[in-house]
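Comments concern the structure below.
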Amino acid sequence: MRVMRRIALAAALTAMTAGAATAATRIDFFFPVPVDGALAKEMQNLVARFNQENPDIEVTAAYTGTYDETDIKTRAAIKAGKPPAVALMSANFITQYHIDDLVEAFDPLVRAEGKAPEEFMDGFWPALVGNARVDGGIYGVPFQNSTPLLYYNVDAFKEAGLDPDRPPVTWADWLEDARKLTRREGDKTTRYGIMLPGTYDILGWTMSALTLSNGGQYYNPDWGGEIYYDKPSTVGALTFVDDLVHKFKVMPEGTIQTPAMNNAFFGGQVAMIVSSTGSLSFIRQNMKVPFKVAFIPRNVRNAVPIGGASLIIPKGNSKERQEAAWKLVKWLTSPTVSGGWSRFTGYFAPVKAAYELPEMKDFIDKNPDAKVALEQLAFAKPWFATYNTVAVRKALEDEVQAMLSGKKTPAEAAKAAQANADALLKPYVDATALNLPK
Amino acid sequence: MRIAFPPTSRRALPLLAVACLCGLALVWSTPLWWMLVACVRTIPYGSTQAASLVPDLHPTAEHFVDAFAQGDFARWYLNTLIVTLGILMVQLVTITLAGYAFARMEFRGRNLLFYLFLLQLTLAPPILIVPNTLMIVRLGLYDSLPGVMAPYFASAFGVFLMRQTFKTIPRDFEEAAILDGANFAQMIRLVLVPLARPGLIAFSIVSLTSHWNEFLWPLMVTDSPDKMVLTVGLTSFVRSAEQAADWGLVAAATLLVAGPLLIAFALFQRQFVNSFLFTGIK
Amino acid sequence: MAQALADAAIVGPRPERLIEARRTRGFVSAHAAFWLLAPSLFLLFLFTYVPILEALMQAVSLEGFGGKFSGYGFGNFQRLFADASFWKALSNNLVYGLGTVAPSIALAVLIAVALQDATRLNAFLRTVIVFPVVLPLVAVATLFAFVLMPGVGLLDYHLAKLGISGTNWLGNPDTALYAIIGLSIWKNAGYYMLFVLAGLQGIAPELHEAAKLDGAGAFTRFLRITLPLLKPTLAFILVIAMINVVTQIDHVIVLTGGGPSDSTNILLNYIFQAAHQQGDSGRAAAATVISVAALLSLSVASLKTLERGMHYES
C-alpha cells in the first residue's frame, strides 16, 4: 500500500512538473561529436546549463552519430515533420541544405535585434564566413571549427637528427624529413615518415588541404556546380601523395583508417600525421611521448580548409521554436561557452572575442600547440561545398583510394574523379548555369 | 554415424582430425577470448601489446566504469528489452491466430493468401528500409519505440512455423475440448497453445535473439537519446571519425551489449540449439 | 467477431458437423479465417505490401531538379544501369555471396560430421563454433575493427610471429572484401552447422552399417550416403545463407562504409548511399525493386525447400 501511495505521489508530482514545463518551449538539438563519448557527455552538460539559465526553454540534446549520420537524421526528421530546432551540421553541408530549401536564414533573427547581418558575421573568424553564408544569406552559425594540422613526434625527430623546433615548411622539406624519419629493418618498415588518413570523409578533406597548399581552389566557392579535380593543383597534390607511397615509400600503401593512424602515432610507428585540430586535446591527453604541431607544409602557398560544424535551424519550426533556437545558438556561440568548448575539445573557438578572455589567453600561453592552430587560421579557406557534396567528395575519394593501393596513376584517378563528379553535379548545373533564356 | 577408418590409420587420422578441429576452435574463439582479456586490461594508447591474449594478472574495472559513465546503459538495456519483448508479445498473438487459420481452416483463396504471406519471408525489413521509414513517418511513429517494433509485429516466418506446428497436433484434442463445452478462445488457450509450446518457445528465442541484435532499423527510425537501443549505443563508442579507439573500452562495451545473449546461450544451450534447428530462419 | 470465432470452432473437425455445414462452410470459414488472419494481414499490408508498391511507384516516377515530379518512365532504371558503382555493387555482392556461402556451408558440414558424436569435447567445440551466432553483427564488426587493424591488431600481431605482417586488410581494395567475407564465415558457419547436425540425425545408422559391411570406407560413405541424404538440408541452408548475403550490411557500414574504392560496397549499402547520402531516392528505389525481385524469385524458387527445412525438430 505504502508503495502504491508513493508511486501515486510520484506520478502526481511528475504531472505537476510537466504542467509547469508546458510553459517552456521544448526544442530538440541534434549534435554529432566526432571525437569520443566524453564529448557527448560534455555537450549534455552544456545543454543542462543552458536549460537551467533559461527556464522558459527546454532543450533536449540528441547525439546523432557522425557528421554524415547527423545529416541523414536531420533530413529524415524534417521529412517526418519533427525537425530539430537546432542541428550541429558539418559546415560544408549547409550549401546543400540551402539548395534543397531545408534551412532557415538567420538574417531576420539578427536584424530583429537591430544588428546588420554583416556586423554579426564580423564577430567570427573570416575563414568561417564562406561556409556560413550562401547566396548572401546566413544559413549556419559556426560553433566548432578545425583545420588540418601536421602532428609530429619530437623524439623521432631528434633520433633522425632533425630539429624538432624546425618542422617542415615546404613539401620539399616534408619529403626530406619523411625520408629521414622512415626507419627500415631489412624489408620491414618499423617507422613510417608520414601517414595521411584515408577513409571516407577525412580523405576528401585532407586532399583539399594539399590542393589548397598547392595553389588550387578545389571547388568554386561561389557556386556549387563546379569542382576542380583534374586541374594541375589537384593532380599535383595527388601525385605528391602517390610518390610518398610508391616512389619514396615513406607512407604505407593502401587506405589508412583513422584509428589505425592515430594508434601508430601514439605507438611511434609513424613520425608525422595529418589530423584535425579537433583531435588536439585527445592526442595531448593520450600521447605518452612529446609531440608538436605545425602548419600543413606548402608547395605554392600556405592554405588549409576549415572543417568542423555550424549550427543551423532547419525549416519547419514554429516562430516560437525558432526564437528559442536562436537563443540557444547565441548562447552556444557566446565567447565564454565557445571558449570553454574549445579548451575541452581542441577545436578552435569561432568567435574572435573568445580569445580576449583571460582564461583563454592563459590556455593559449600554456598550450603552444593550440596557438599554432590559431595562427594557421589566418591562412584558412572555406571548406569545399557543392551540390551533392558527399557524393562529389566520394567521387574523388574512391579514386584516391585506388591510387593509394597502386591501382591507378594520379592522372587516371584525377580524370575518373572529375568525370564522376561532373555527372553528379549535372542536375544542378542544368538547372542553374546551363538553364539559359530560350 | 561414427567415422571409422581402416585399421592402419585408425589412430593417426582421428588424432589429426581432432588436432585440426581444436585448431579451428582456437581460431574461432580467439576474438571472443581477446574481448574477455582486453576488457579488464589497461591498454595504453599506441600499445603494441593490445592484441596480447595473455590475461593480465591485475584486472581492472576501469573500462566498465568508463562505459557506464559515457553510455546510458541502463536506458539502452531497458529500451532493448521493451523492443524485443514488445515485438515478441504481439508476434505470438498474430502468428498463433494466422498459423491456426492456415493449418486448420479451408477457405477460398487460402493458397494464394499463404503465398502472399510468404512474400515477407525473404524481404527482411532492411531491404525495404526507405519505404518503411516513410510509412513509420506517416503513421506518426517516427522516433518512438513502437516505430522500431511495428514492422516486425507480423511475421510470415512465425505464421509458417505455427502452421507447421498446428498441423502436427491431432484434431481430436480440439474436438474433445469443444465437446466439453469450451469456446473457441478457451480451446486455443487451454488446448492448442500448450500443445504448440515447443514451436512457440523456439520462435521466441529466435525472435528475441534477432531483435536484440538488430541495428540498422532502430538506427534509422529513432534519434532521441532516450530511444536508443544497445546496438545503436554501442556504435556511438566506436564509430567516431577522428580518434584512436580505446580498445579496452570497446571490448567492455561490446561485452556489455553481447553479454546477456552469450550468458543466456551458455546457460540454455540445448534450448537455443533446438530452437534454431526448429525454426531455421532468423 | 465473437460469432466468427465461434463459427471457426465448428468448422472442420467432426464428420457429422462437416456434412451439416458443408453448404455454408466456404462462406463461414472464410469469414472466420479472415478474422484470424486480419491482424497479420493488416500489418503485412502496412509494412510489406504498401512499401513494395511504393518502391515500385517511386522507381518509375521521375523527378526533376529539386524533387519536382515530372512524369513516369524508366529513367531511374536507366541511370541505375548507367552507374558503374551499381554494377560494382552487384558483382561485389556476387563475390561476397560465393565467398561466404560456399565456404561456410562446407565448413559447417565438415565440422558437423566430425563433431556429431555426443562427447564432452565435441560439445565444447560445438559451443565455441556456435558462439558467434548469438553476437550482434554490429558487435562482431566492432571486434573485427580491432582484429583487422594493421600493425597492432589481433590478426596482424599474431601473423607477424609467423613472419607475415603489415597487411592492411580493410585498407586495400584487393583484400577488404575478403576480410568482410572472413568475418561473415566466422559469424555464420556455426549457425549452418546446427542444421547439418540436425540433418545428420535424420540419417539412419543402418545405412552406414550396411555400407561398412560392403567394405565402403568412411570417405566413400560420406560421399555416397551422408552427402546425398543431406541434400534437402543443404538446399535449405543455401536459401538462408543467400538471404543473409543480401540483407545483412551492419558490418559493412561499421567497418568500411563500402570502401576503399567501393570494393566492399554491396547492393544494400549502395541503396543506402543512394537514398541517404546522394538524395537520389529514384535510383535507390530502382535498386530496391531489383533486389526485391531477386529475393522474391529466390523465395518462390525455394518455397518447397523452405517448407521441408522449416521442421527439423530434433
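Read the figures in this text as sums done on the coordinates, not as results from a lab. None of these values were measured; they are calculated from a predicted model. Every residue, glycine among them, receives a Cβ derived from its backbone with ideal geometry; neighbour counts consider all protein chains shown.
Compute the acute angle (0 to 90°) between the alpha-carbon long axis of helix B:73-104 and the principal axis of greatest extent of the alpha-carbon atoms of chain B; round to the nearest 10°.
Orientation of helix B:73-104: about 30 degrees from the principal axis.
If you average the sequence gap of Cα pairs under 8 Å that are 6 or more apart and divide by the length of the range A:172-331, what percent do you get for the contact order?
Rounded, it is 29 percent for the range A:172-331.
In straight Cα distance, which aspartates and glutamates are under 16 Å from residue A:188, not counting same-chain residues fewer than 8 positions off?
Cα-Cα hits under 16 Å: A:253, C:156.
For the residues A:311, B:267, A:150, what sequence is obtained by ranking on other C-beta atoms within 10 Å, fewest first?
Arranged by neighbour count, lowest to highest, A:311, B:267, A:150 become B:267, A:150, A:311.
Write out the trypsin sites (Lys or Arg not before Pro) in the range A:231-319 meeting two conditions: DSSP loop, and at most 13 other Cβ atoms within 10 Å of their Cβ.
Sparse-neighbourhood loop trypsin sites (Lys or Arg not before Pro): A:288, A:301.
Tabulate in residue order the Karplus-calculated ³J(HN,Hα) for the range A:345-354, using 6.51 cos²θ - 1.76 cosθ + 1.60 with θ = phi - 60°, rounded to whole Hz; enter x for Gly and Pro.
Running phi through 6.51 cos²θ - 1.76 cosθ + 1.60 with θ = phi - 60° gives 9, x, 4, 8, 6, x, 8, 4, 4, 4 Hz.
Which distance in nm do the two modelled labels at residue B:17 and residue C:62 give, with both placed 7 Å along the Cα-to-Cβ direction?
6.4 nm
In terms of the ratio Rg/(2.2 N^0.38 Å) built on C-alpha atoms, what value belongs to the range B:7-67?
Relative to the 2.2 N^0.38 Å estimate, the range B:7-67 comes out at 1.70.
All other residues with a Cβ under 14 Å from the Cβ of residue B:192 taken together, and with Lys, Arg as +1 and Asp, Glu as -1, what is their net charge?
Counting the neighbours of residue B:192, the net charge comes to +3.
Once you have the Cα-Cα distance between residue C:87 and residue C:296, take 0.36 nm times their residue separation minus that, and quote the gain in nm to one decimal.
Taking residue C:87 through residue C:296 to full extension adds about 73.2 nm, to one decimal.
Mind telling me which of B:181, B:147, B:71 comes out most flexible in a GNM of chain B, alpha-carbon contacts under 10 Å?
In the Gaussian network model the winner is B:181.
With a cut-off of at most 15 other beta carbons within 10 Å, and DSSP calling the residue loop, which GluC sites (Glu not before Pro) in the range A:99-199 qualify? Please list them.
In loop regions of the range A:99-199 (DSSP not H, G, I, E or B), the sparsely surrounded GluC sites (Glu not before Pro) are A:113.
Ignoring trypsin sites (Lys or Arg not before Pro) that are buried or in helix or strand per DSSP, and keeping those with at most 14 other beta carbon atoms within 10 Å, what is the longest stretch of chain C between them?
C:162-314
If you put +1 on each Lys and Arg Cβ and -1 on each Asp and Glu Cβ, how big is the dipole of chain A around its Cα centre, in Debye rounded to 20?
Value, rounded to 20: 920 debye.
Could you list which residues have their amide H under 5 Å from that of residue A:27, counting only those 5 or more apart in sequence or on another chain, with H placed in the peptide plane?
Excluding prolines and chain starts, which carry no amide H, the hits are A:58, A:59, A:60.
What is the local net charge at residue C:137, summed over the other residues whose Cβ is closer than 10 Å to its Cβ (Lys, Arg +1; Asp, Glu -1)?
Overall, the nearby charge balance is -1.
Give a residue-ordered list of calculated ³J(HN,Hα) values for the range C:55-67 (Karplus: 6.51 cos²θ - 1.76 cosθ + 1.60, θ = phi - 60°; whole Hz; x for Gly, Pro).
4, 4, 4, 5, 5, 9, 8, 9, 10, x, 4, x, x
Go ahead and run the numbers for FRET between residue A:116 and residue A:49, Cβ-Cβ distance against an R0 of 30 Å, rounding to 0.05.
Here the calculated transfer efficiency is 0.50.
So what is the relative contact order for the range C:177-314, in percent, with contacts set as C-alpha pairs under 8 Å and at least six apart?
Averaging sequence separation for qualifying contacts and normalising by length gives 28 percent for the range C:177-314.
Collect residues whose amide H, placed 1.01 Å from N in the peptide plane, falls under 5 Å from the amide H of residue A:134; neighbours closer than 5 in sequence don't count.
Placed amide hydrogens put A:139 under 5 Å from residue A:134.
Compute the signed sum of charges (Lys and Arg +1, Asp and Glu -1) over the other residues within less than 12 Å, Cβ to Cβ, of residue A:104.
0
Whole-Hz ³J(HN,Hα) for each residue in the range A:313-322, computed from phi via Karplus 6.51 cos²θ - 1.76 cosθ + 1.60 with θ = phi - 60°, x for glycine and proline: what do you get?
10, x, 5, x, 9, 5, 3, 4, 5, 4
Once all Cα-Cα distances of the range A:256-387 are split into 5 Å bins that start at 0, what whole-number percent is in each one?
The percentages, shortest bin first, are 2, 9, 16, 18, 17, 16, 11, 7, 4, 2, 0.
If the elastic network links every pair of Cα atoms under 10 Å, which of A:84, A:117, A:358 fluctuates the most in the Gaussian network model of chain A?
A:358
What translational diffusion coefficient, in µm²/s and rounded to a whole number, does the Stokes-Einstein relation yield for the range C:79-309 at 10 °C and a viscosity of 1.306 mPa s, taking the hydrodynamic radius as the Kirkwood radius over Cα pairs?
Approximately 81 µm²/s, per Stokes-Einstein.
With the crude spin-label approximation of a point 7 Å out along Cα→Cβ, what separation in nm comes out for residue A:411 versus residue B:111?
Reported label-point gap for residue A:411 and residue B:111 is 6.6 nm.
In whole angstrom, how long is each semi-axis of the equivalent ellipsoid of chain A, when you take the square root of 5 times every eigenvalue of its Cα gyration tensor and sort them from largest down?
Equivalent ellipsoid of chain A: 40, 27, 20 Å, largest first.
Please arrange B:204, C:261 by how many other C-beta atoms lie within 10 Å of their C-beta, fewest to most.
Lowest to highest Cβ neighbour count: B:204, C:261.
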